[in-house]
1. How many residues are crowded, with 18+ Cβ neighbours inside 10 Å, of a type in the set (D, E, K, R) and not in a strand (DSSP E or B) if we restrict to the range 18-48?
2. Being of a type in the set (D, E, K, R), surrounded by fewer than 21 Cβ atoms within 10 Å (Cβ to Cβ), under 22 Å from the mean Cα position of the chain (by Cα) and assigned to a loop (DSSP other than H, G, I, E, B) is the filter here; which residues of the range 204-252 pass it?
3. Out of the residues in the range 75-87 meeting the condition of being without any contact (Cβ under 8 Å) to a residue 24 or more places away in the chain, closer than 28 Å to LYS30 by Cα and within 20 Å of the chain's Cα centre (by Cα), tell me which one is surrounded by the most Cβ atoms within 10 Å (Cβ to Cβ).
4. Given (1) at pLDDT below 95; (2) exposed (fewer than 14 other Cβ atoms within 10 Å of the Cβ); (3) under 23 Å from GLU232 (Cα atoms), where does SER67 come up short, assuming only one miss?
5. Kindly provide the set of residues from the range 178-199 that are assigned to a loop (DSSP other than H, G, I, E, B) and not small (Gly, Ala, Ser), ordered by number.
6. From the residues in the range 88-127 that are small (Gly, Ala, Ser), assigned to a loop (DSSP other than H, G, I, E, B) and under 21 Å from the mean Cα position of the chain (by Cα), which one is modelled with the highest pLDDT?
7. Can you tell me which residue is nearest to LYS21 (Cα to Cα) among those in the range 49-73 that are assigned to a loop (DSSP other than H, G, I, E, B), touching a residue at least 60 places away in the same chain (Cβ under 8 Å) and not acidic (Asp, Glu)?
8. Just one of (1) at pLDDT 95 or above; (2) assigned to a loop (DSSP other than H, G, I, E, B); (3) among the acidic types (Asp, Glu) trips up GLU15, so point out which.
Amino acid sequence: MAKEIPKGKGEMIIEIKHLKKSFGQKEVLKDINLEVHKGENVVVLGKSGEGKSVTIQCIVGMLTPDSGTLKVFGENVPELNEKELKELRMKIGFLFQGAALYDSMTVRENMEFPLTRVLKMKDQHEIDERVNEVLESVGLADAIDKMPSDLSGGMRKRAGLARTLIVNPEIMLYDEPTTGLDPVTSREISKLIMDMQKKYKTTSIIITHDMDCARITADRVVMMKDGEYIAEGTFKDMEHSDNEFVRSYFNKEK
């Protein structure tokens, strides 16, 4: 279904063809086709429970598809061994719905953890510089010594984003980044995603059912229904889609 993207859009980072995934008798992904190019923000939009998150879990190797091709940086993910998969994951940042901070660690310690455990950094001065820079970029410099329990929902999302970005991933995968937030904070997080894309030059897939988030962050929107991508284009394209379901979904959510 994926439309041909004009030349000059940058190299292809993610290429998915005819991806299928079932859980028991339930067919969640029926025939998924998607291309994501370097520096692009692709929003996958659809109702809750449609299986939007399953694709990105396949991308990082958390789930194995039943069939189809899933290439990231030209490598077929389901065929990678454990060592190769670990190396691929070093290039991918995954922001979970709940921010997934370590509750027993301060914000500073949460930031240091991937630097010392994943990147094996040992120079404390270099670690401090990286931590301060990323917290400054998400507006949390003053919260560096706070515990996650002392942070608001929006601040936890910012901290989760900072911890993901601190290892300089080339790909960012966002799973419902604004869920549970009030409208004002949701817009702040959506704008922050855009700011971080420009600053760190990431390629992103954003899973959401939040229309404001999609409107703010999307270079391209892919609409999901019943385990398939049924339409794609810019946000404005989707508002005027020939597909009645897509058009009604967008108008209903205004």
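1. The qualifying residues number 1.
2. ASP219, ASP226, listed by residue number.
3. VAL77
4. (1)
5. Hits for the range 178-199 are THR178, THR179, LEU181, ASP182.
6. Only one residue fits best here, namely ALA100.
7. Within the range 49-73, the first condition is being assigned to a loop (DSSP other than H, G, I, E, B), and the residues that meet it are 49-51, 60-66, 73.
Checking which are touching a residue at least 60 places away in the same chain (Cβ under 8 Å) leaves us with 50-51, 60, 73.
Of the ones still in play, those that are also not acidic (Asp, Glu) are 51, 60, 73.
Values: GLY51: 10, VAL60: 15, PHE73: 22 Å.
My answer is GLY51.
8. (2)
The values are calculated or read from the model by the stated rules, or taken from the named source; none is laboratory data. Remember, predicted model here, so these are calculated numbers, not experimental data. Because the Cβ atoms are built from the backbone with ideal geometry, glycine has one as well, and the counts that use them run over all protein chains shown.
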